[in-house]
Structure formats: structure tokens, C-alpha cells
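Working notes, structure below.
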């Protein structure tokens, strides 16, 4: 067992040293390059109505024939030129944002920039649709993401959230901010609860004479731990913290979604769209595709995206991360039959 841990520690130290050295070198190079080329991030705006027009023209060509297609294409082009030339806003506008969530809500970096840009331009006469796909994750990260949507509501701009797949836990924390929530029939909605789980290796280490020493200032600086022995006081404190977080979550949902029976829906359970409608977690059963297609007849639809090229350091970090994961997996497979005592 000691030999096993020693080999693992040596391997890990080498891997970390190499990664740090490479990233430090790359970081210096990319910092210099960034100063030369400036900011590579950009905001793109595309008119969704144009995509629908192209679809319609393609079907016209395939079904009705070339003559009808040419006529329809000329009419569409004429209408487009007139709209651009006039510069007038003939129809109300809807701006569409996409948020694809993960455990750390990393999409909030783009979301905050997209919303900041929109708040410099959009008015209460406009509307914003957020197509949300988010199964939740870290509390503070998703709290920040929800706060970004709150900025829209604070400016009195109508906000709709569309859930085609999932808005659970931190995802529903974001969704409940909206004036109106639509969900596909089998979208997963809810999971208003808090979860924490952590492995503990204390007994295994103790059997092999390995002790963990910990020093802290502050009674609750650390409660439960992976390697030390957890006391009932530690566990009780963790439970208290989870319960406090759950209460804050419930208050947040109740504040933004007062139509729900909060004690009934804040059990940590999730429901499918049609069930969520009955519980008033959502307002309408509909896909975002149908919602947008309906409104394309009398609205100007714009998809807004904030994006930028990944810097060289980020690309290499991703490659190194994937490589290290594969290396660790291969190493683990080779040692999976090792005896632990």
C-alpha cells in the first residue's frame, strides 16, 4: 500500500510540474500576442427571420418549381433591401439568448456580456427569450447566472425562458426569474433541493498506519473532510449549512414564482413539463421552436451571441487536460488489481 501511494504521489508531482511549466510558458507567449492583436472576443447578431425565409424559399424551389422560386426570392430580396434602407423598426423585436449550463455555470461569462450589450440597446417595448438548458451545479455560480437574468427584469424588459430539455436545481433558479416560462412536454423541471456528498478515506488510511494532521483557526473553518475522521458535530454543521442553503433557495423561488406551493415543490423532486405545468412551475407547454416560429410572423427575431477565439493557452490547457485524464485512466487500469491490504 505504501509503495502504491508513493508511486501515485511521484506520478502526480511530475504531471503537475510539467503542466505548470508548459502553461507558464504558454501564458507568457499568449499575453504578448494578446497585447498585439487586441481583444478577440466579439458580439454577433443574426436575424432569425432570414433563416426562416431561406427555409421557405428552399421548399418553394423544391415543391412549386424554379419559376415560383425566382419570383419569391426576388420579393424576399426586395423586402430585405427596403427594410435595411429604411432603418425603421416596423415590427416589435425579440432578442434570443442561449444558455447551455454545466456544473460550474461557465456559460455565465458569455451571458453577462450578452445581457450587458442588450441593456445598452433594448427597451421595455422589446422582449428577450432565453433558451435554457441547465441541470444545475454549484450554488454561487448559478446564483450569479440568475442575477444576470434579474438585470433584465430590473429594466422592465419582458423576459421569457424556454426549457426544451432541462431546467433543474440551479437551472430552475435561473428559470424562475422569468415573466413567463415555457417547457417542452418532456422537459425536466424542478429539483429544488440541495445536495452534498463526499467520500471519506479515513478508515482505509488508518488501517495502513497513515494519519492526517489538520490545523485550523476557527471552529468551523472545516467541517467534513475526505481524509480525516468526521465527528457528529462536523456532520451536524454540514446538515445545518445545507438546510440554510435550501431555505434560501425556497425563498428565492417563492419570491419570483409566488403562484407555486413552495413546500409542495421544494422537495428536491423533478417533474416533466406537463406535470410541472400542473404544479405551476411553468406557464405553457411548448417548444422554443414553435414559440419563435409563431412570433416570426409579427416580430423581428434576433439571435445574440458573445463569442471569442480560444487563446493558445486555453487550447493547450484543454489538450493537456484531456491527455492527463487519459494518462490517469490508463494508470488506474494498470493498478486496479493492486491489493490494498
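The values are calculated or read from the model by the stated rules, or taken from the named source; none is laboratory data. The model shown is predicted, which means the values in this text are computed figures rather than measured ones. Methodologically, a virtual Cβ is constructed for each residue, glycine included, from the backbone with ideal geometry; neighbour enumeration extends over all protein chains shown.
Determine whether residue 238 is touching a residue at least 12 places away in the same chain (Cβ under 8 Å), under 29 Å from the mean Cα position of the chain (by Cα) and surrounded by 11 or more Cβ atoms within 10 Å (Cβ to Cβ).
Values: touching a residue at least 12 places away in the same chain (Cβ under 8 Å): yes; under 29 Å from the mean Cα position of the chain (by Cα): yes; surrounded by 11 or more Cβ atoms within 10 Å (Cβ to Cβ): yes.
Taking the combined requirement at face value, the residue satisfies it.
In contact (Cβ under 8 Å) with a residue 40 or more places away in the chain, surrounded by fewer than 17 Cβ atoms within 10 Å (Cβ to Cβ) and not in a loop (DSSP other than H, G, I, E, B): does that describe residue 117? So residue 117 fits the description; yes. Restricting to the stretch 148-160, and then to whatever is part of a helix (DSSP H, G or I) and more than 13 Å from the chain's Cα centre (by Cα), can you tell me which residue is surrounded by the fewest Cβ atoms within 10 Å (Cβ to Cβ)? Only one residue fits best here, namely 154.
For the stretch 78-100, a residue qualifies if it is surrounded by 12 or more Cβ atoms within 10 Å (Cβ to Cβ), modelled with pLDDT under 80 and either in contact with a helix residue (DSSP H, G or I) (Cβ under 6 Å, 6 or more places away or on another chain) or farther than 26 Å from residue 157 by Cβ (or both), and exactly one does: 80. Scanning the stretch 161-184 for residues that are touching a strand residue (DSSP E or B) at 6+ places or on another chain (Cβ under 6 Å) and in a loop (DSSP other than H, G, I, E, B), we see that the one that is farthest from residue 271 (Cα to Cα) is 179. Taking first residues from the stretch 54-66 that are on the phi < 0 side of the Ramachandran plot and surrounded by 12 or more Cβ atoms within 10 Å (Cβ to Cβ) and partners that are modelled with pLDDT under 75 and in a helix (DSSP H, G or I), the Cβ contacts under 6 Å between residues at least 6 apart in sequence or on separate chains come to 57/72; 57/73; 60/68; 60/69; 60/72; 61/69. Can you name the residue in the stretch 194-205 that is touching a residue at least 12 places away in the same chain (Cβ under 8 Å) and exposed (fewer than 13 other Cβ atoms within 10 Å of the Cβ) and is also farthest from residue 238 (Cα to Cα) among such residues? So, considering only residues that are touching a residue at least 12 places away in the same chain (Cβ under 8 Å) and exposed (fewer than 13 other Cβ atoms within 10 Å of the Cβ), the one farthest from residue 238 (Cα to Cα) is 199. Residue 268 satisfies every condition listed in (1) more than 23 Å from the chain's Cα centre (by Cα); (2) part of a loop (DSSP other than H, G, I, E, B) except (1). Here residue 256 meets the list (1) exposed (fewer than 13 other Cβ atoms within 10 Å of the Cβ); (2) at pLDDT 95 or above almost entirely, failing just condition (1).
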